[in-house]
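Scroll down for the structure; my scribbles are underneath it.
The values are calculated or read from the model by the stated rules, or taken from the named source; none is laboratory data. Just so it is clear, the structure is predicted and the values come from calculations on it, not from any experiment. In this analysis, Cβ positions are derived from the backbone assuming ideal geometry, glycine residues included, and neighbour counts consider all displayed protein chains.
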Amino acid sequence: MKFIKTEERGFIGIVTLDNDRKHNSLNFEMLDEIVEAVSVFEDLGKRVVIIRANPGKAVWCAGLRIDQLPDPENDPVPYEYNLEKVLKKLEQYPGAVMAMIEGSVWGGGCELAFSCDILIGSASSSFAITPAKLGAPYNPIQVQRVLSLVETNIAKELFFTAEPIRASRALELGILNHIVEKDKLEAFTLSMAEKIAANAPLNIRLIKKQINALSRATVEMVNTQEIKKMVAASFYSHDFKEGKKAFLEKRKPEFSGE
């Protein structure tokens, strides 16, 4: 593996994001590696999977690399792009998936974290949902993940402002399950993972599927033709192109609303 490391501890499988030079920004190869690793853990019957970064890093995940965003000139509005495959893999994993978060989480990194069942953070953890800074559209599946964690007015604030929220507020909002001191984060997360792994795996699998089904409206209920047209309009917009261009040029974007 080039961008991740894996480890096994009994019934626990650990995926460590290992692209420190790029602040664990997600590229297609890295995403494919995560899918492969999680698939191996599933085949091995791992009851808990932990997603983490190397310890001591200021950024847990910087999100999807800007040049890996779909190209409006060539691609349709994406529902099955590489990041989505990883998120579905974690959500459908027949066991518990935990995120051990030290440092900041940005954009697509939030999607990666939010697709996990339990999130354990440190005081340095923060979360920023940033599509509005790029003019990038989110499809209903992506919005749904945020709404599964927070109330609608909070989701709107996170999307509208695109500003980071600190660990303490993330805990209040229910995004984080626990905040733990940095030097105890790994031990705390592993301890909880071991407790989960010791419980009945068929029961965990069933409860996870039921909770996910009951807590989320189906995408079909909101994926109307009107919303599809709005997603497409945003995807093909001048603002999305400008947002990507400004990011690469390290300047503030000038959005026109077109």
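Some values worked out for this structure:
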{"item": "Only listed residue being surrounded by fewer than 17 Cβ atoms within 10 Å (Cβ to Cβ) and over 15 Å from CYS116 (Cα atoms), chosen from ALA197, ALA162, ALA167", "result": "ALA162"}
{"item": "Within region 82-106, tally of residues that are of a type in the set (Phe, Trp, Tyr) and more than 12 Å from the chain's Cα centre (by Cα)", "result": "1"}
{"item": "Selection from region 78-121 of residues that are of a type in the set (A, V, I, L, M) and touching a Ser or Thr at 6+ places or on another chain (Cβ under 8 Å)", "result": "VAL86, LEU87, LEU90, VAL97, MET98, MET100, ILE101, VAL105, ILE120"}
{"item": "Count of residues meeting criterion [of a type outside the set (A, V, I, L, M, F, W, C), in contact with a strand residue (DSSP E or B) (Cβ under 9 Å, 6 or more places away or on another chain) and surrounded by fewer than 20 Cβ atoms within 10 Å (Cβ to Cβ)] in region 114-151", "result": "1"}
{"item": "Tally of residues being at pLDDT below 95, touching a strand residue (DSSP E or B) at 6+ places or on another chain (Cβ under 7 Å) and either surrounded by 20 or more Cβ atoms within 10 Å (Cβ to Cβ) or more than 20 Å from ASP18 (Cβ to Cβ) (or both) across region 65-94", "result": "1"}
{"item": "All strands (runs of 3 or more DSSP E) inside region 1-59 with 2 or more residues being touching a residue at least 24 places away in the same chain (Cβ under 8 Å), under 17 Å from ALA113 (Cβ atoms) and within 18 Å of the chain's Cα centre (by Cα)", "result": "12-17, 48-53"}
{"item": "Check on GLY109, within 12 Å of the chain's Cα centre (by Cα) and closer than 18 Å to ALA58 by Cβ", "result": "yes"}
{"item": "Among (1) within 24 Å of ASP20 (Cβ to Cβ); (2) out of contact with any helix residue (DSSP H, G or I) (no Cβ under 6 Å at 6 or more places or on another chain) - the single one THR161 does not satisfy", "result": "(1)"}
{"item": "Whichever residue in region 112-124 is within 17 Å of VAL146 (Cα to Cα) and not hydrophobic (A, V, I, L, M, F, W, C) and, among such residues, is farthest from the chain's Cα centre (by Cα)", "result": "ASP117"}
{"item": "Elements of type helices (runs of 4 or more DSSP H) contained in region 165-255, each with 1 or more residues being at pLDDT 95 or above", "result": "167-173, 182-197"}
{"item": "Members of region 153-197 found to be within 17 Å of the chain's Cα centre (by Cα), more than 12 Å from SER124 (Cα to Cα) and in contact (Cβ under 8 Å) with a residue 40 or more places away in the chain, listed by number", "result": "LEU171, ILE175, LEU176, ASN177"}
{"item": "Residue match in region 125-148 (condition: free of Cβ contacts under 8 Å to residues at least 40 places away in the same chain, in a helix (DSSP H, G or I), of a type outside the set (Ser, Thr, Tyr) and touching a Gly at 6+ places or on another chain (Cβ under 8 Å))", "result": "yes"}
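Here is a yes/no grid of residues against (1) among the aliphatic types (A, V, I, L, M); (2) farther than 25 Å from ASN82 by Cα:
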{"site": "ALA123", "(1), (2)": "yes, yes"}
{"site": "THR130", "(1), (2)": "no, no"}
{"site": "LEU158", "(1), (2)": "yes, no"}
{"site": "LYS184", "(1), (2)": "no, yes"}
